[in-house]
Amino acid sequence: MNELIEFLITNLKLIFFIVKKYLILYVKIRKMKAVNYSELRQNLKENLDAVTDNEEFLIVHRPKGKSIVMMSLAEYNAMQETLHLAKSKTNRQRLESAIDIINAKSNLVKRNLTE
């Protein structure tokens, strides 16, 4: 039990970061459009456009509980990158430090954007 508490305290920022990402994902999922396989085929272009253009997820219901979720490649890549960045303890700590600096608004360098 003490190990669990120590782990949670040590990784609290990471836990909040991951929970925030998945809450955003949950909100997107709640707004998901759902179709059956026949509807997907009949309106394939419109469904694929909705997934790619509107960054929506699409649930495709299939028989025997074998439903799937469709998402754009950009959304999938973003999820994979987030998981990859959070894997390494060193990288997680670096990201947490950067987030702390941004939230504290300290050590920020103001630069003009050039064309």
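For the stretch 72-91, the set of residues classified as among the basic types (Lys, Arg) and modelled with pLDDT under 80 consists of Lys87 only. Considering the stretch 60-80, and only residues there that are surrounded by 15 or more Cβ atoms within 10 Å (Cβ to Cβ) and closer than 20 Å to Lys21 by Cβ, the residue that is farthest from the chain's Cα centre (by Cα) turns out to be Met70. Figure legend. Inter-residue proximity from the stretch 73-99: first residues farther than 30 Å from Ala50 by Cα, second residues modelled with pLDDT of 80 or more and acidic (Asp, Glu), beta-carbon distance below 8 Å, spacing 6+ or different chains. No pairs are indicated. Filtered by the rule that a residue be outside any loop (DSSP other than H, G, I, E, B), surrounded by fewer than 11 Cβ atoms within 10 Å (Cβ to Cβ) and of a type in the set (S, T, N, Q), the stretch 81-107 gives Thr90, Asn103.
The values are calculated or read from the model by the stated rules, or taken from the named source; none is laboratory data. Small disclaimer: the values here were computed from a predicted structure and weren't measured. Don't worry about glycine lacking a Cβ; one is built from the backbone with ideal geometry, like all the others, and counts go over all protein chains shown.
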